[in-house]
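Enquirer: Before I ask anything, let me first share the structure, which is written out below as structure tokens.
Please treat every number below as a calculation from the coordinates, not as lab data. A quick note: this is a predicted structure, and the numbers were derived from the prediction, not measured. All Cβ positions, glycine included, derive from the backbone under ideal geometry; neighbour counts span all protein chains shown.
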Amino acid sequence: MKRQSSRVSVSGPHIVSEIIESEAIIIDLDSGSYYSLQDAGADIWAGVQDGIQIEEIVDRLRMKYEGDEAAIRSATTALLKQLEDEALIKADGAAAGTGPPSAPIPDAEPSDKISFSAPVLHKYTDMQELLLVDPIHEVDASGWPKLPANDRELGE
Amino acid sequence: MRSMRVGGRNCLPTTGNWASSPRTMHLRYESRTGSPVDADDRRSATFCQSAHLAFLDAQEAVGESDRRSFKIGGYELCLRFAGRALIQPMTKALAHLATEPSESPDLTICIWDSASTQTSMTTPSWSTDDYGVQGLISGFNTDRFQTLLQLANNTLNMLDHRKNLGLYWIPNARHVTYYEAISPLRTLLYWWMRRHGRQLVHAGAVGTADGGVLLPARGGSGKSTTALACLEAGLLYAGDNNILLSTDERPLQAYSMHNSTALHGIHLEERLPHLLPHIENPEQLGEQKAFAFLHKHYPTQMAASLPVRAVLVPRITGHRDTGLSESSLAASLSALIPSTLFSLPGAGRETFETLVKLIQPLPHYMLNLGTDLPQVPRVISELLRKFL
């Protein structure tokens, strides 16, 4: 995707998220995976949710964080690639300047800026087993699925 | 109709013609004459009617029926049974909430199995392709109906919201899993309660009549250990795994659902040996968690509800001492949301947003669990005194 001049968006309604106190909690209802992003990562996710262009996400980060512009851009691109690989976002491919105007963010005073750290996407998969679909190969004469032979009994 | 082999797994005959039953007219679901009727709703209503008739047939076949009433989340739940095979498995974990029946319960759930009643169940109206994630059945989940088949043992859960009627059917009562026995009717109650101001969450809740703490945590984080240590020290207990949170009351209320607990046997021996004599399944600890029904042993400490004053996320430190550290809403949500959301069939964005809204106003702490368990209730009690 054209990262610098396009925008990305959340890949669908199966992705639910909330940004709370500089942390984004992102849940993929289809896969059972969930994610967290903190600080700059949460800001990038906010940009994705707002539908702003990638270059604007970088601009927002530069206003809030103290750091090398190339490093911020590179980290942003890298995170977006990760989010896309996880199918949390999709490239919209819109040309620059066609999206809704984003709210202006006042440039922080240099002394107010936070030191930029490359965001880390934390992924958790411990819930995936809850969404596993048991394969049904056969049904019995009454139309109900045949049960596995080794099922257990609670007992009396 | 009743010629099946008892205990047979694949021998249920197809059902007869329900339209010829004298009960059909009596149980006919009202149609919305003059307005468009959704095809899924119609199919669901037809199946629900047939399944309900199968329940009534089962009651008639065994010649005995039983009903038990419980007050859960402030609502009266009536469980109607055909035969006795499922009474114990479905009611032990609810026994602390038993109540006198009234003429108009808020929710009625019909519970039966085919094997012990030697009756057949109606044929499913869907194909194998319709079974989705967590057993939800495509085309049978509408605004009015919710339907799921637990594929591990073919347990049907169906709820008609309009009639406040639930159906719980299993081919053979002997195939009720231990997990269902310790958290019976979880899915049906979740579905019904969320439309009546109660949100089921994967969390524990302990405290006093003046206030309690909510204990959200992933499995293995010390949630049950914390709740059980508090119980042993005399605090009130609303649950250590499933709690109903009020969405329409302030302060936030944590309502009890189940009086059961389940722990890995080794944890029990090491940390809570006083519970060992109460374990219901000592012979099966190799393949099941150890479980116990706590109301039998702590009858005066079972709380139907507690006002929630704070959220404490337990985490095992390995150190001796237990302490609290201030935490964040984000940390509490990280502990609460995934295991709640993914364990509730059909839960999604709305549940997510509800959970955020519910616990946002509360103070949040990490409960740094030490190995000296008697400290745990002391730390929690001290915190709760601050809110008095």
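Enquirer: Determine how many Å³ per residue the convex hull of the Cα atoms of segment B:82-152 encloses.
Expert: Taking the convex hull of the Cα positions in segment B:82-152, it is 159 Å³ per residue.
Enquirer: Let me ask something else. Hey, if you drop one equal point scatterer on each alpha-carbon of segment B:242-388 and run the Debye formula without solvent, what base-10 log of I(q)/I(0) do you get at q = 0.12, 0.16, 0.19 Å⁻¹?
Expert: Taken in order of the listed q values, log10 I(q)/I(0) reads -0.63, -1.14, -1.46.
Enquirer: Let me ask you something else. At most 14 other Cβ atoms within 10 Å and a DSSP loop assignment: could you name the trypsin sites (Lys or Arg not before Pro) in segment B:179-266 that fit?
Expert: B:Arg195
Enquirer: Counting only other residues whose beta carbon sits under 11 Å from that of B:His202, what net charge do I get with K and R as +1, D and E as -1?
Expert: Cβ neighbours under 11 Å give a net charge of +2.
Enquirer: Moving to a separate point now. Kyte-Doolittle mean at least -1.0 and Cα extent at least 30 Å along the axis: which DSSP H helices of chain B qualify? Walk me through the numbers before you get to the answer.
Expert: Numbers: long enough: B:39-62 (35 Å, -0.20).
Correct list, ordered by number: B:39-62.
Enquirer: Further question on the same structure: Put +1 on the Cβ of every Lys and Arg and -1 on every Asp and Glu Cβ in the protein assembly as shown; which of A:Ser6, A:Gly67, B:Val376 then has its Cα farthest towards the positive end of the dipole?
Expert: B:Val376
Enquirer: Take the alpha-carbon positions of segment B:169-291, form their convex hull, and give its projected area averaged over all directions (one quarter of the hull surface) in nm². All intermediate terms of the calculation are to be shown ahead of the outcome.
Expert: Numbers: hull surface 34.3 nm².
Across all orientations, segment B:169-291 yields a mean hull projection of 8.6 nm².
Enquirer: Per residue of segment B:151-156, what does 6.51 cos²θ - 1.76 cosθ + 1.60 with θ = phi - 60° give for ³J(HN,Hα)? Whole Hz please, x for Gly and Pro, Karplus curve as stated.
Expert: 6, 5, 9, 6, 8, 8
Enquirer: Further question on the same structure: Suppose every Lys and Arg Cβ carries +1 and every Asp and Glu Cβ carries -1, with no other charges. What dipole size does segment B:235-318 come out with about its Cα centre, to the nearest 20 debye?
Expert: Dipole about the Cα centre, nearest 20: 320 debye.
Enquirer: If you don't mind, there's one more thing I want to ask. Please compute the length gained on full extension between B:Lys386 and B:Ser328, using 0.36 nm multiplied by the number of residues separating them and subtracting their Cα-Cα distance.
Expert: Values: separation 58, 0.36 × 58 = 20.88 nm, distance 1.87 nm.
Net length gain for the segment: 19.0 nm.
Enquirer: Specify which residue in the list B:Cys110, B:Ile87, B:Pro277 is farthest towards the positive end of the charge dipole of chain B, using unit charges on the beta carbon of Lys, Arg (+1) and Asp, Glu (-1), about the Cα centre.
Expert: So the residue we want is B:Cys110.
Enquirer: With a Cα-only, solvent-free Debye model of chain B, what are the log10 I(q)/I(0) values at q = 0.15 Å⁻¹?
Expert: Log-scaled intensity ratios, in q order: -1.34.
Enquirer: Let me ask something else about it. Cα convex hull of the protein assembly as shown: how many Å³ per residue?
Expert: Spread over its residues, the Cα hull of the protein assembly as shown gives 184 Å³ apiece.
Enquirer: At a Förster distance of 45 Å, what's the computed FRET efficiency of B:Arg320 paired with B:Thr99, Cβ-Cβ distance as r, to 0.05?
Expert: Rounded to the nearest 0.05, the efficiency is 0.55.
Enquirer: Cα-based Rg of segment B:110-220 per 2.2 N^0.38 Å, rounded to two decimals?
Expert: Normalised by 2.2 N^0.38 Å, the Cα Rg of segment B:110-220 equals 1.24.
Enquirer: Among the trypsin sites (Lys or Arg not before Pro) in segment B:285-346, which ones are in a DSSP loop with at most 13 other Cβ atoms within 10 Å of the Cβ? Mind listing them?
Expert: Details: sites: B:Lys289, B:Lys296, B:Arg309, B:Arg315, B:Arg320; in loops: B:Lys289, B:Arg320.
Listed in order of number, the matching sites are B:Arg320.
Enquirer: With a cut-off of at most 16 other beta carbons within 10 Å, and DSSP calling the residue loop, which trypsin sites (Lys or Arg not before Pro) in segment B:61-113 qualify? Please list them.
Expert: B:Arg84
Enquirer: Sticking with this one: I want the antiparallel fraction of DSSP beta bridges within the protein assembly as shown, as a percent rounded to 5.
Expert: That works out to approximately 75 percent antiparallel.
Enquirer: If you don't mind, there's one more thing I want to ask. Using +1 on the beta carbon of Lys and Arg, -1 on that of Asp and Glu, and nothing else charged, what's the dipole of the protein assembly as shown about the Cα centre, debye to 20?
Expert: Using Cβ point charges on Lys, Arg, Asp and Glu, the protein assembly as shown gives about 1200 debye.
Enquirer: Let me ask you something else. Assign unit charges at the C-beta atoms only (+1 for Lys and Arg, -1 for Asp and Glu), then state the dipole size of chain B relative to its Cα centre in Debye, rounded to the nearest 20.
Expert: With Lys and Arg at +1 and Asp and Glu at -1, about 180 debye.
Enquirer: Under 10 Å, Cα contacts only: if you run a Gaussian network model on chain B, which one of B:Gln199, B:Gln118, B:Gln150 comes out with the highest mean-square fluctuation?
Expert: Of the options given, B:Gln150 has the highest mean-square fluctuation.
Enquirer: Determine the alpha carbon to alpha carbon distance for each of A:Lys146/B:Lys71; B:Lys223/B:Lys357; B:Lys92/B:Lys357; A:Lys146/B:Lys223; A:Lys90/A:Lys146; A:Lys123/B:Lys357 and list only those over 29 Å.
Expert: Too far apart for the 29 Å limit: A:Lys146/B:Lys71; B:Lys92/B:Lys357; A:Lys146/B:Lys223; A:Lys90/A:Lys146.
Enquirer: Can you give the calculated 222 nm mean residue ellipticity of chain B, where each DSSP H run of n ≥ 4 adds -39,500 (n - 2.57) and the sum is split over every residue, rounded to the nearest 500 deg cm²/dmol?
Expert: Calculated from helices alone, the mean residue ellipticity at 222 nm is -8000 deg cm²/dmol.
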